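Data block below; observations after.
Each reported figure results from applying straightforward, stated rules to the coordinates on display, with no laboratory input. The structure displayed is predicted, hence computed values, not measured ones. Positions of Cβ are backbone-derived with ideal geometry, glycine not excepted, and every protein chain shown enters the neighbour counts.
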Amino acid sequence: MITLALSKGRILDDSLPLLAGMGVEPAGDIGRLLRVPTTVDGLQLLIIRPADVPTYVAYGAADMGITGKDVLMEHGGQDLYEPLDLGIAGCRLSVAQQKDAPPPPAQRRLRVATKYPALTRAHFARQDAQVEIIKLYGSMELAPLVGLADVIVDLVDTGNTLKANGLVETEVIAPITARMVVNKAAMKMKHVEIRGWLDRFAAAVGGTP
């Protein structure tokens, strides 16, 4: 049995048509079940939060997983194989702030709201900038509007949400797509099965594992 962890949200929405094109369909209510059998013998799905996918795969609760590059960059990913860029769920990790916002007072550090503290700290460190990180889990665009933060670091797709809240992108930190990750032990113990699935995914997206 191969267990594939899928990230809830946009990645799940883009992964299901990809799987369908490979002849794989959920054989259960994917809206309610967290562990879902499929129409292909020997493959089951786990439907979990994007940030949890690397942990499930690293500890062997899932053999393979699909999650965003942003999650892997924040997680570290050293304990996983990352053999394939699936090229789906594309967006970008960006810095944004209120349009025409004044700089922060000279006596304090720039306040940055984000759910990516490690990535954010590393980005500003490369600019020799010391910042105060404010960890949030959602509604990032609100932080500059109420004075909680000067800028935010978040994923941007169309930019419509930023625009609707009077924010503008000032930097793009990295382009983001969904990646396939594999448990290192499973790659050895289930090599034939996993290699077969990687080849199928690669063929489906026109890549090379």
remark   = Surpassing 31 Å at the alpha-carbon level, of the pairs LYS135/LYS190; LYS115/LYS190; LYS69/LYS163; LYS69/LYS135, are LYS135/LYS190; LYS115/LYS190
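Among DSSP beta bridges whose residues both lie in the range 51-154, state the antiparallel percentage, nearest 5. Don't skip to the end; give the middle numbers.
Numbers: 4 of 12 bridges.
So the antiparallel bridges amount to about 35 percent of the total.
Per the helix-only calculation at 222 nm, which mean residue ellipticity applies to the chain, given -39500 (n - 2.57) for every DSSP H run of n ≥ 4 and division by its residues, nearest 500 deg cm²/dmol? All intermediate terms of the calculation are to be shown ahead of the outcome.
On the way: 8 runs with 65 residues, N = 209.
So the helix-based figure for the chain works out to -8500 deg cm²/dmol.
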message = Which residue fluctuates most in the GNM of the chain (Cα springs below 10 Å): ALA174, ALA96, ALA164?
response = ALA164
note = For MET1, the net charge from surrounding residues (Cβ-Cβ under 13 Å; K, R +1; D, E -1) works out to -1
ask   = So, with +1 on the Cβ of K and R and -1 on the Cβ of D and E, and no other charges, what is the size of the charge dipole of the chain about its Cα centre, to the nearest 20 debye?
value = 360 debye
key: Order of THR67, THR170, THR120, THR177 under a 10 Å beta carbon neighbour criterion, fewest first   = THR170, THR177, THR120, THR67
request  = Between beta-carbons, use under 12 Å as the cut-off and find the net charge around LEU84, counting Lys and Arg +1, Asp and Glu -1.
outcome  = +1
message = Out of all DSSP beta bridges in the chain, what portion is antiparallel? Express it as a percent rounded to 5.
response = 60 percent
Positive minus negative residues near VAL156 (Lys, Arg vs Asp, Glu; Cβ under 10 Å) = -2
ask   = Expressed as an acute angle from 0 to 90° and rounded to the nearest 10, what is the orientation of the C-alpha long axis of helix 10-21 relative to the principal long axis of the chain?
value = 30 degrees
request  = Please give the helix 117-126 orientation as an angle from the longest Cα principal axis of the chain, in degrees from 0 to 90, rounded to the nearest 10.
outcome  = 60 degrees
key: Identified option (computed Cα extents along the principal axes in Å; candidates (i) 54, 39, 35; (ii) 61, 31, 29; (iii) 69, 64, 23)   = (ii)
